[in-house]
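S.K.: Have a look at this one.
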Ligand SMILES: [Zn+2]
């Protein structure tokens, strides 16, 4: 299998603050199309990715106000990008974000509906009035509406079974409704679509295709946030479990305007969030220099390696920010500029054993002095399967052991290894209802 790549951008927020529309229009256009395409092309050439195995995923907040003119800019820019990169429309995937809800259209439809609670406005299709048109004009198919799940079969030849989810169902014209939600019924639909994609994959083998779900709101619960926070994905843990059980192995998200997002990302794989690609110099800012707000522009490339097991995330960022002379370069601000991870769940079960699978994170770094890796491992599976496990013991060959009595716990630890090539982790499950089960798990390679 040859290599393939997903270019992941998010939160472009084309609108009144973007540089494409502003007085320095040519600068913005150059930064977001010409220099971006050059940067992507150079990386793909270096990585020897064939041009027909490259796709683009945009995880929402394409516009700022969900307005018609914003999508006209977006359509022009995305078409220019994909033309330059020779990406056909079948290899483009988009999902809406909270900024893709058009408030006036949503309010008007709500008023006309005669309903009394604005929460009832969440399912009104009119809220995506202009996003829907953008979706149709860019992809040549209809956006299925609020709270939907939809497949992108054009990514299958690249080794990806990609399903998009609209996580913006709760979003209305009310600013307290910016949070996301994935209904169980939506997750179930996504699972059906995933199975359909995998069955139609050329290989005919389930395991040869990585199940990816794209959604705007970050699928990692934010420990530092309050339950009443109106901007994050509500019941994220449930949504993630449900979708993982349905067979999704990788979540790609936006909304957070920062890369990684979950804190455990670089050691935990699985949920990848990219920063804002945003062109804006107004509200899109994330950084200050003194009193001055500085825009941050980021994107990332997800590379599927030749072994079809390991993936690599390459993080890029515009430097210096917000400047006509800016160039795209490695993004080291939030960690390493690239890292390898294993999206594929590692099946664990034999007949009669609990149906659980391993999620293996990426060793963030090998501490040469202490000869230790930081690794994160977790078991995923149905609740009744996990409840059969009394204790999980992880052991590295250098003799370090870690134990957990909660099989649902994401287990993060420093493990002593004899050297950087020694990458096997022993796992023992102590069962409540039978003899112990032992396996060896191969860890991903260190980033080069
Ligand atoms: Zn957002």
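The values are calculated or read from the model by the stated rules, or taken from the named source; none is laboratory data. Remember, it's a predicted structure, so these values are computed and weren't measured experimentally. Virtual Cβ from ideal backbone geometry, glycine too; neighbours counted across all protein chains shown.
S.K.: Looking at the range 48-70, which of its residues are within 16 Å of the ligand (Cβ to nearest atom) and either outside the structural domain of residue 105 (by TED's automatic domain parsing) or not in a loop (DSSP other than H, G, I, E, B) (or both)?
M.R.: Matches in the range 48-70: 57, 58, 63, 70.
S.K.: Is there any pair with a first residue in the range 203-219 that is within 20 Å of residue 306 (Cβ to Cβ) and a second that is at pLDDT 80 or above and within 16 Å of the ligand (Cβ to nearest atom) whose Cβ atoms are under 9 Å apart and which are 6 or more apart or on different chains, and what are they?
M.R.: 212/57; 212/251; 212/252
S.K.: Please list, ordered by first then second residue, the pairs with beta carbon atoms under 8 Å, 6 or more apart or interchain, first in the range 238-260 and in the same structural domain as residue 93 (by TED's automatic domain parsing) and in contact (Cβ under 8 Å) with a residue 60 or more places away in the chain, second within 16 Å of the ligand (Cβ to nearest atom) and in a helix (DSSP H, G or I).
M.R.: Filtered contacts from the range 238-260: 255/98.
S.K.: Okay, next question. Among the listed residues 129, 162, 138, which satisfies the condition of being away from the ligand (no atom under 15 Å from the Cβ), within 19 Å of the chain's Cα centre (by Cα) and assigned by TED's automatic domain parsing to the domain that holds residue 61?
M.R.: 162
S.K.: Taking the range 75-116 on its own, how many of its residues are under 25 Å from residue 230 (Cβ atoms), touching a residue at least 40 places away in the same chain (Cβ under 8 Å) and crowded, with 19+ Cβ neighbours inside 10 Å?
M.R.: Number of matching residues: 10.
S.K.: Return the only residue of 80, 22 being at pLDDT below 95, in the same structural domain as residue 316 (by TED's automatic domain parsing) and in a loop (DSSP other than H, G, I, E, B).
M.R.: Going through 80, 22 in turn, the sole match is 22.
S.K.: Evaluate the following for residue 224: is it more than 16 Å from the ligand (Cβ to nearest atom), over 27 Å from residue 65 (Cα atoms), modelled with pLDDT under 85 and not in a loop (DSSP other than H, G, I, E, B)?
M.R.: no
S.K.: If you go through the range 160-180 one residue at a time, how many are in contact with a helix residue (DSSP H, G or I) (Cβ under 8 Å, 6 or more places away or on another chain) and either part of a strand (DSSP E or B) or over 23 Å from residue 120 (Cβ atoms) (or both)?
M.R.: Looking only at that region, the number is 6.
S.K.: Moving to a separate point now. Residue under question is residue 157, and the condition is that it be assigned to a loop (DSSP other than H, G, I, E, B) and in the same structural domain as residue 117 (by TED's automatic domain parsing); does it hold?
M.R.: For residue 157, the condition - assigned to a loop (DSSP other than H, G, I, E, B) and in the same structural domain as residue 117 (by TED's automatic domain parsing) - is not met.
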